[in-house]
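Asker: Dropping the structure in here first, questions after.
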Amino acid sequence: MKGCVEDSISSVQNKVCLSCLWHRSLSETAASAAADIKASKPPVQIEHNQLLIDGLFVDAASGKTFPTNDPRTGDTIANVAEADVEDVNRAVRAARKAFDEGPWPKMTAYERSRIILRCADILEKHNDEVAAIETWDSGKPYEQAANVEIPMVVRLFRYYAGWADKIHGLTVPADGPYHVQTLHEPIGVAGQIVPWNFPLLIFSWKVAPALACGCTVVMKTAEQTPLSALYVSKLFLEAGLPPGVLNVISGFGPIAGAALCTHMDVDKLAFTGSSDTGRRVLELSARSNLKPVTLELGGKSPFIVCKDADIDAAVEAAHSALFFNQGQCCCAGSRTFVHESIYDEFVEKAKTRAIKRVVGDPFKSGVEQGPQIDFTQFKKILKYIRSGIESGATLESGGQRVGSKGYYIEPTVFSNVQAWHFQLIMVLFLNKDLEEVIRRANATSYGLAAGVYTRNIDTANTLMRALRVGTVWINCYDIFDAAIPFGGYKMSGQGRVRGIYSLRSYLQVKACVTALKNPAWL
């Protein structure tokens, strides 16, 4: 997620572009250093490392824990309770009771709205502590977390608090003496699974609409980044969220995640992560109670630079589209298609911008790029870089590890690329005409997002309709707003998050038909 924003982040009307908002204040210094990057002491203490079940922080039933590590060093931050099947059962029972017996769905919608607003208010007061935890656990720049992501979480909860008392059905005309109305009812217990790249932001995308609709939640965090959700859940209890309405468990996908997906008392699943795991989530749902599933999965998003584009603006946007959040974005612009008439100029400028990118301790001011999330991702990216070199692509910049401690990698740009993998690697493809770029952009099983840079309105209109993706950004990238739906075509997912479309995932529609006697009108 990246882009640009209009005015202050405090404005509820802003269309937020995650990366440009904080890039404006960054200095332009060298991207890499031979020496190790020194990790500063985080300005926060870890207070919660247990499971949140029925309003209480408790140990796992087995007593097991697992380490969550600092990607700047590989050292352990804290040992966190490791949920297994019994813990999932306990959390679902609490959510089931809170839904079936109240108080959450039995409150008036206005009362739910007020509690969600209080959650947002308290979170806003703790912005800096939450951002520090997010940075420590994930490696993302603190300025990004504190100035962009946590304010977006607050904004999203306020957005859905406003929806809570505006969810209603219809009165439907029928052929005959009948009164017909539809009821929009909360679907029940929602099982939710979030990834590690934007732990709290995607937490809000799932929890906020579920709460607004009157559902209760069992949330499984990513094992790499469990800490911020636990901290925020404590704040929500302080705001008056009743016990059992939000339960947070930490653990591993094959055990805790699978138990949540197959649980017969879970009424709906929401998952964000890889397409392979998304398939598994669907399979487990089908094997249990056929609970509906929404999926926000991976993408191989094209970034198309047309011959009439503002080259400098396109270079900066393409740079952010790929490298933002260490390249760890589902909608990263990982395939950059540049028209042949401007290709050489674009390559040179993209290379220069990558060299200037500031890599360092994410807690330090001015740092644009922190470490990768863990050793697994670190190795994968280095493998992709080797693959690019071996395939004959031209390495324009980067390609090396930064220092010897932590999971830092230089921003890497390849040109003269034919076709291969990507992540934290800008790959530049040359294209000749619109028909060719449409064909190549759509030649993937994914369809999450795309970026287009052009000054021609006809070209923009052609591409926005031709590209088979869930979001098209024109002369911008990664503009995220609470009201803008997000999701994918093809193997990039099912359903949408954010906006009014997300509410549909947490509601059942019931038709109620009453016979009329001697009606005055039909």
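Asker: If we count chymotrypsin sites (Phe, Trp or Tyr not before Pro) as exposed when they sit in a DSSP loop and have at most 14 other beta carbons within 10 Å, what is the longest stretch of the chain that avoids them all?
Answerer: In the chain, the maximal stretch lacking such sites is 1-419.
Asker: Follow-up. Run the accessible area of the chain with a 1.4 Å probe and give the carbon-and-sulfur part as a rounded percent.
Answerer: 51
Asker: Would you mind checking the pairs Lys125/Lys349; Lys234/Lys364; Lys220/Lys510; Lys206/Lys356; Lys351/Lys405; Lys106/Lys206 and listing those with alpha carbons more than 31 angstrom apart? Don't skip to the answer; put the middle values down first.
Answerer: On the way: Lys125/Lys349 41 Å; Lys234/Lys364 27 Å; Lys220/Lys510 29 Å; Lys206/Lys356 36 Å; Lys351/Lys405 25 Å; Lys106/Lys206 21 Å.
Exceeds cut-off: Lys125/Lys349; Lys206/Lys356.
Asker: What figure in square angstrom, to the nearest 10, would you give for the accessible area of Ser415 with a 1.4 Å probe?
Answerer: Here the residue's solvent-accessible area equals roughly 0 Å².
Asker: In addition: Among the aspartates and glutamates, select those whose C-alpha is under 18 Å from the C-alpha of Lys291, and discard any that sit fewer than 8 residues away in the same chain.
Answerer: Straight-line reach from Lys291, under 18 Å: Asp100, Glu185, Asp265, Asp267, Glu283.
Asker: Sequence-distant or interchain residues sharing an amide H contact under 5 Å with Val217, placed H: which?
Answerer: Ala190, Leu246, Asn247
Asker: Averaged per residue, what accessible area in Å² does the chain show with a 1.4 Å probe, protein chains only?
Answerer: Dividing the accessible area of the chain by its residue count gives 40 Å².
Asker: Can you give the translational diffusion coefficient of the chain in µm²/s, computed by Stokes-Einstein from the Kirkwood radius over Cα pairs at 37 °C and 0.692 mPa s?
Answerer: 138
The values are calculated or read from the model by the stated rules, or taken from the named source; none is laboratory data. From a predicted model like this one, the values you see are computed outputs, not experimental measurements. Methodologically, a virtual Cβ is constructed for each residue, glycine included, from the backbone with ideal geometry; neighbour enumeration extends over all protein chains shown. When the accessible area is computed, the model is the full protein with side chains, heavy atoms only, and any ligands, DNA or RNA have been set aside. Shrake-Rupley method; radii C 1.70, N 1.55, O 1.52, S 1.80 Å.
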